[in-house]
Amino acid sequence: MQMSPYWRAVWEVALFLLGVSLLTTLTGMLLGFLAFGPLVLVVAVLQSLVPIVGTLVYLDWRWGWRVDTIGLIGGRHLRWLPAGLGLGALALVLTHGLGILLGGPVVPVLDSSAPVWLAVGPALISVLSVELLFRGGATARLQADLAPKEALWTALALPLVASWLSGSLISVPSGIHTREPWTLFFTAALTLLYLRTGSLWLNLGLSAVVMVLPLALGLFILPQAALLLWVTVAVILLIMAWRRVDRMPRRVGPQRQRMGRR
């Protein structure tokens, strides 16, 4: 029985996510034996690099994709970075403003229990790994293989399914773990932005400011304020995407699929 094009695309994405996840898990178990004393930070960085290297290797080996295919290399993609940083800064300001309206502190509160500068490096690398895995790999493949409406809804559902399978609310790497509901809508916003721009750099800049900057500064983010903001942003982006779904940029699919060495 021949598999339909839709399920074939979903199967390819599932294999990709499963392969990189298994590689990350096994490598983490091996590196865990070295995580003591001054090597803790080094091990954390290495663990964050594993999904990045695994993703890039898989995309080239299995799908024949290069880094410019997924929006990581090239001036036309890099130009989105300042916009991402600016949007992230605006989001933090709006989150603080909404926090005040919801009864939060007027002056940003420093969370003394939050990890600070030693966690920033692994957290930044983790942001890159998440974007490569879910947007540069999974979402890009769906966008290349499926019709615009199918790609839109499947890409939005993908983090939900991955989160359910992983047993947590939202799948984020070590260094920026959170179980707050607002991260679900933040992820949806990132997916919608990537489907529209095709550039990872907008998402990287936005995620770095929203997820890592509060970690670096030890700032407490009021969850209710963040939830209100990102629900609103995700809904607006979804409406805009749906109205222009038939004109959504179609990513160039893989020219070849390598099945690996037998």
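Read-outs throughout are calculated quantities, based only on the coordinates presented, and are distinct from any laboratory measurement. Predicted model, so just to flag it, every value in this text is computed and none were measured. We place every Cβ from the backbone using ideal geometry, glycine too, and count neighbours over all the protein chains shown.
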Subject >> ASP246, ASP60, ASP145 arranged by Cβ crowding within 10 Å, fewest neighbours leading >> reply: ASP246, ASP60, ASP145
Original post:
Roughly speaking, what is the stretch gain from VAL53 to ARG79, that is 0.36 nm per residue apart minus the C-alpha to C-alpha distance, in nm to one decimal?
Top reply: 7.0 nm
**OP:** Mind ranking 70-81, 4-15 by how tightly packed they are, going by the mean number of other C-beta atoms within 10 angstrom, highest first?
**Re:** 70-81, 4-15
**OP:** Amide H neighbours of LEU219 under 5 Å, at least 5 residues apart or on other chains, H built in the peptide plane: list them.
**Re:** ASP111
Subject >> Rounded to the nearest 20 debye, dipole of the range 177-252 from Cβ charges on Lys, Arg, Asp, Glu >> reply: 380
Original post:
If contacts are Cα pairs under 8 angstrom and at least 6 residues apart, what is the relative contact order of the range 1-86 in percent?
Top reply: 22
Original post:
Beyond 15 Å, what percent of the Cα pairs of the range 184-251 remain?
Top reply: 59
**OP:** Just order 222-234, 28-40 by mean Cβ neighbour count inside 10 Å, highest at the front, would you?
**Re:** 222-234, 28-40
